[in-house]
Structure formats: structure tokens, C-alpha cells
Amino acid sequence: MFRVQDVILSEDIATSRFACDITRCKGACCVVGDAGAPVEKGEIPILRKAFGLLKDRLTPEALAAADEHGVVQKENEGQYAITCVEEGDCIFVEKDEDGVATCAIQNAYYRGEINWEKPLSCHLYPIRLKKISGMDFANFEYIPDLCSAGCNNGRQSGTYLSEFLEKALKRRYGTDWYDDFITACNEVRSSGVTA
């Protein structure tokens, strides 16, 4: 573990190679799992508005799940998560002709239809945050079925997870924090720890 300001991070965030390879994983992070992506309370109104704007593009199963459970569900310990259909897909999943799952919110953002890219937890994935005593604890949530293609791609391209998630980490913590984070990652790597 290492610390950057008020964030404790697992060393594998500094040492692991990772670069999303959606053509190989087919968007598995959006469709595999037993619960939806965690969301912050402040994101809930944005997600509800996005659902209203995008519902014509979503599957009938997604519409039914949202109708029955809401766009966001309250989980254990007061946490919130995006609703999923029975098969595990996030209600915001869009699939292309090759079966690649992408985020309808992010697609609308890229088209200039909305000004919010996607939930922070999705943007940070495969890093997951847990708040304890006012501090964020960040872990690399390596799940072979989800992450192996990204890890292989990162090794081939020479991209570290810390670099791949630059935009998301700056979104969460700011540029000054990210600069300190990269310095700390380089120190961790120079200590001989590698993944």
C-alpha cells in the first residue's frame, strides 16, 4: 500500500499494466457481475435524467428492470448501484452488431447530447474505491474474466494502469493530486515491485 494525500492505494495500481481492449473483452465490465456499478448519491439525479433521455435506445429488458426497481437501487450499508437486468447487463448497455457492450450514457456524451460522461465508478474501473474514516482506499479489482484482455493489452503497449486511468483519476482528485500520484507510482516501481 502507498499513500497520496488522503488516498491509500494498493501497490498493484502503480505496477500493473492495463489498457482496455474492448474488442476482446466485449465490454464485460458492463455485463458481468451480481450487482450494478456503484454510484454516489449525487450521481442519482443525473442518472435518472440520462435514463429519461436515453430510454428509446435501451433494451426492453432494461426498461422493465428500471420500471420495477428504479434506475438506481439502494444496496447494503447505504450504498447505491445502477440497476441491472436479470442477465447481469447494466440497464445503460448498448450492444453493437458484434455483441460489444458500451455505455449509452458515454455514447451520448461522445455525440454531444449530454455533458456528463458516465458514473465515476465506471470511469475508474478496474479501480474500486471504498471510503473508510474519511479516506478513500483504492484497490485494483482484478477479475480474470473482465481484466485479462486489458492487462495483456497494457503489457503489449507498455501502458500502466495509473496512466490509462489518468482522465478518470483527475476527474476524481484533480491534476495536483494526479501529479503527486504519478510521482508516488514511479517510486513504487523503482523499489523493484512490478506486476
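The values are calculated or read from the model by the stated rules, or taken from the named source; none is laboratory data. What you see is a predicted model; the values in this text were computed from it and never measured. Methodologically, a virtual Cβ is constructed for each residue, glycine included, from the backbone with ideal geometry; neighbour enumeration extends over all protein chains shown. Keep in mind that these areas ignore ligands, DNA and RNA; they rest on the heavy atoms of the full protein, side chains included. Shrake-Rupley method; radii C 1.70, N 1.55, O 1.52, S 1.80 Å.
Between the alpha-carbon centres of the stretch 126-175 and the stretch 45-81 there is a gap of 25 Å. Taking the square roots of five times each eigenvalue of the Cα gyration tensor of the chain, the equivalent ellipsoid has semi-axes of 30, 19, 15 Å, listed largest first.
The share of Cα pairs per 5 Å bin across the stretch 40-95, counted from zero up to the longest distance, runs 4, 21, 32, 25, 14, 4, 1 percent. With 19 Å as the limit, the listed pairs Lys49/Lys131; Lys118/Lys167; Lys95/Lys118 have Lys49/Lys131 beyond it between alpha carbons. All Cα-Cα distances of the stretch 88-161, cut into 10 Å bins from zero to the largest, leave 16, 36, 38, 10, 0 percent in each bin in turn.
Remark: relative contact order (the chain) = 35 percent; criterion is Cα-Cα distance under 8 angstrom and separation of 6 or more residues. Taking the Cα centre of the stretch 87-195 as reference, the dipole from Cβ charges on Lys and Arg (+1) and Asp and Glu (-1) amounts to some 340 debye.
Got a number for carbon plus sulfur as a percent of the stretch 113-195's accessible area, 1.4 Å probe? Don't skip to the answer; put the middle values down first.
Values: 2080 of 4360 Å².
The computed percentage sits at 48.
The listed residues Glu43, Glu61, once ranked by accessible area (1.4 Å probe) with the largest placed first, stand as Glu61, Glu43. By the rule of a C-alpha distance below 20 Å, with chain neighbours fewer than 8 residues away ignored, the aspartates and glutamates paired with Lys170 are Asp6, Glu11, Asp12, Glu40, Glu43, Glu117, Asp136, Glu141, Asp179, Asp180, Glu187.
Only Lys, Arg, Asp and Glu carry charge here, each on its Cβ (+1 for the first two, -1 for the last two); on that basis the chain has a dipole of about 400 debye about its Cα centre.
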